[in-house]
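Visitor: Let me begin by handing over the structure; questions about it come next.
The values are calculated or read from the model by the stated rules, or taken from the named source; none is laboratory data. These numbers were taken from a predicted model, which means no experiment stands behind them. Cβ atoms come from the backbone with ideal geometry, glycine included; neighbour counts cover every protein chain shown.
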Amino acid sequence: MHLTRPDKKSDIMYLLRSGTLHAVLLFVTLFFSCSDVGETGGERITLTYWSAANQYEIDLAAAIVDEWNGRHPEIEVKHQPIPEGSSSEEIVLASVVGKTTPDVFSNMWPGDIELYAQADALVPLDHFVDYDSFAASRYSPGILQESLANDGRCYHILWKTNPIMMAYNKKWLSRAGFDHPPETYEEFLNMGETITADTDGDGYTDRWMGITQILVTWWQRFFDYYTLYIAASGGKTLVENGVIDFDNNTSVAVFRFLQTVFSRGYFPRERMDARSDAFLHSIVATRFVGPWEVVHAEKFKPEGFEYDFAPVPRPEGCSGPVYTYGDYKSIVLFKNSRHPEEAWRFAKHLVSRANDLKLLEMTNQLPLRKGLTQDTLFIPYFERNPMMERFARQAQYCRGTDYSPVLKEIFDAISQEFEASVIYGLKPPEEAVRRAAERARLISDQL
């Protein structure tokens, strides 16, 4: 499942592979001039905490920090949203290079953990004496194993998850004569044929079965190819025992299925984000989304619009639970911290049961906590929010990404072949998958 790389802890040029020198130097200059990196004042310890920059999580972080500071006058936490930039990944990279990292950061993409672990930028959490008991109380055995880096250590708290499911228009499916959402590729294609039929005789369809972004950006593939690959493979990821392992029949089946929905006109070959919400305005019948769609749909859905969520489709003949991409976010402690023990105490506070409930209630995001739907503390929330319970149950069957310092390059290779084969039909799926895997092996072999 993991990729390995020789030890290059101080290789700054390696860190710069995913950013630009100009952006890094500019950010470092600005950050040194305006950042408080956790100075002490007398007996009082000060920690700096970065949260995500969306308003829901800013409000959540402010509430948690206010409570902490009221109870711990000896350890003050100063909260700020992650500074603005083209991406949070670029900002974190710049702060690591400039040694201006916060003590605690709660919006780390786990796909970057290996990069920063190998650069010796993160505190290994299993260094703390109570880590094992903490992890055992929070994680299922599978998630605990998934949290470990290539060296067998843990550098992050897997905090929250956004399982990808299929949203579907209930009225459309019923009118098309289907009594359940599509569970297999064959059912999905059959529904697509009915739903996209030309109903007014002008030779064009005014509706689509589904939608996915046609952008080549590497992370877009998390929400189509990678989600479907995890479902079709029964929960496998792209790497097995350090070896690229997605050049297989499962990948080919996913590419062929998605190529078919484009070639038959069931998915549009256009940027649908330039118009009003295609799903809520009944332009598309399904879409692959996370639990963020619940709040969005309830806020903006037209009167009478009915929707629900189901697991994503998979090939015929599959059995067992449907796995999906979990879209995790993690909490990390940076080695630049002068107070790692105190930072660890605050990080544990961030993910307490009470604060996990705040995460649900204030952001409608799911904490990655075992037994969530059976815990009496959370049951009232799910009774009030049955759509979120669907995602909480799906969260038991999720996978993240493999640990590799070149994961973005691997997904970029997949995305390039995805565009050529799936969207435009210029290559057969077998060739596209083979070429993507060959390029991924070349990338990983250079480490």
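Visitor: Any residue that is within 27 Å of Asp206 (Cβ to Cβ) and in a helix (DSSP H, G or I) - is there at least one of those in region 274-287?
Guide: At the first step, the residues of region 274-287 found to be within 27 Å of Asp206 (Cβ to Cβ) are 274-287.
In the following step, the residues that additionally are in a helix (DSSP H, G or I) were identified as 274.
Checked against the condition, which is being within 27 Å of Asp206 (Cβ to Cβ) and in a helix (DSSP H, G or I), region 274-287 yields at least one hit.
Visitor: If you don't mind, another one. Would you check if there is a residue in region 295-312 being assigned to a helix (DSSP H, G or I), within 15 Å of Lys160 (Cβ to Cβ) and without any contact (Cβ under 8 Å) to a residue 60 or more places away in the chain?
Guide: No, there is no match, as no residue in region 295-312 is assigned to a helix (DSSP H, G or I), within 15 Å of Lys160 (Cβ to Cβ) and without any contact (Cβ under 8 Å) to a residue 60 or more places away in the chain.
Visitor: Across region 313-341, which residue is farthest from the chain's Cα centre (by Cα) among those that are of a type outside the set (A, V, I, L, M) and not in a loop (DSSP other than H, G, I, E, B)? Give the steps one after another, and end with the answer.
Guide: Keep residues of region 313-341 that are of a type outside the set (A, V, I, L, M), which gives 313-321, 323-330, 334-341.
Pick out the ones that are also not in a loop (DSSP other than H, G, I, E, B) and you get 314, 324-325, 329-330, 334, 340-341.
Working: Arg314: 20, Thr324: 11, Tyr325: 7, Lys329: 7, Ser330: 10, Phe334: 21, Pro340: 27, Glu341: 28 Å.
It comes out as Glu341.
Visitor: Also, quick follow-up: Criterion first (in the same structural domain as Glu293 (by TED's automatic domain parsing), surrounded by fewer than 22 Cβ atoms within 10 Å (Cβ to Cβ) and farther than 28 Å from Phe411 by Cβ) does Asp132 satisfy it? Show your work before the answer.
Guide: Values: in the same structural domain as Glu293 (by TED's automatic domain parsing): no; surrounded by fewer than 22 Cβ atoms within 10 Å (Cβ to Cβ): yes; farther than 28 Å from Phe411 by Cβ: yes.
It is false that Asp132 is in the same structural domain as Glu293 (by TED's automatic domain parsing), surrounded by fewer than 22 Cβ atoms within 10 Å (Cβ to Cβ) and farther than 28 Å from Phe411 by Cβ.
Visitor: Test of understanding: among Arg71, Arg44, which residue is under 20 Å from Val351 (Cβ atoms) and more than 22 Å from the chain's Cα centre (by Cα)?
Guide: Values: Arg44 fails: under 20 Å from Val351 (Cβ atoms).
Among Arg71, Arg44, only Arg71 is under 20 Å from Val351 (Cβ atoms) and more than 22 Å from the chain's Cα centre (by Cα).
Visitor: For region 265-292, which residues satisfy the criterion of being of a type in the set (D, E, K, R) and modelled with pLDDT of 95 or more? Full working, then the answer.
Guide: We begin by selecting, within region 265-292, every residue of a type in the set (D, E, K, R); these are 269-271, 273, 275, 277, 287.
The one that is of a type in the set (D, E, K, R) and modelled with pLDDT of 95 or more: Arg287.
Visitor: Looking only at region 28-42, decide whether some residue is closer than 30 Å to Gln446 by Cβ and modelled with pLDDT under 95. Steps first, answer last, please.
Guide: To start, the set of residues in region 28-42 that are closer than 30 Å to Gln446 by Cβ comprises 28.
Restricting the remaining residues to those that are modelled with pLDDT under 95 gives 28.
The answer is yes, given that some residue of region 28-42 is closer than 30 Å to Gln446 by Cβ and modelled with pLDDT under 95.
Visitor: Go through region 168-186 and report how many residues are among the polar types (S, T, N, Q) and either modelled with pLDDT under 95 or within 16 Å of Ala197 (Cα to Cα) (or both). Reasoning before the result, please.
Guide: Residues of region 168-186 that are among the polar types (S, T, N, Q), as a first pass: 169, 174, 184.
Add one more test, that the residue is either modelled with pLDDT under 95 or within 16 Å of Ala197 (Cα to Cα) (or both), and what stays is 174.
So the answer is 1.
Visitor: Any idea which residue in region 164-178 is farthest from Gly290 (Cα to Cα), counting only those that are part of a strand (DSSP E or B) and not aliphatic (A, V, I, L, M)? Reasoning before the result, please.
Guide: Of region 164-178, the ones part of a strand (DSSP E or B) are 165-169.
When the remaining residues are screened for being not aliphatic (A, V, I, L, M), the result is 168-169.
Numbers: Tyr168: 13, Asn169: 16 Å.
Result: Asn169.
Visitor: Right, next: Looking at this structure, is Asp277 of a type outside the set (Lys, Arg) and either farther than 18 Å from Met209 by Cβ or in contact with a strand residue (DSSP E or B) (Cβ under 7 Å, 6 or more places away or on another chain) (or both)?
Guide: Working: of a type outside the set (Lys, Arg): yes; either farther than 18 Å from Met209 by Cβ or in contact with a strand residue (DSSP E or B) (Cβ under 7 Å, 6 or more places away or on another chain) (or both): no.
Considered against the rule, which asks whether it is of a type outside the set (Lys, Arg) and either farther than 18 Å from Met209 by Cβ or in contact with a strand residue (DSSP E or B) (Cβ under 7 Å, 6 or more places away or on another chain) (or both), Asp277 comes out as no.
Visitor: Would it be correct to say that Phe418 is over 30 Å from Cys154 (Cα atoms) and free of Cβ contacts under 8 Å to residues at least 12 places away in the same chain?
Guide: Working: over 30 Å from Cys154 (Cα atoms): yes; free of Cβ contacts under 8 Å to residues at least 12 places away in the same chain: no.
Spelling it out, it is not the case that Phe418 is over 30 Å from Cys154 (Cα atoms) and free of Cβ contacts under 8 Å to residues at least 12 places away in the same chain.
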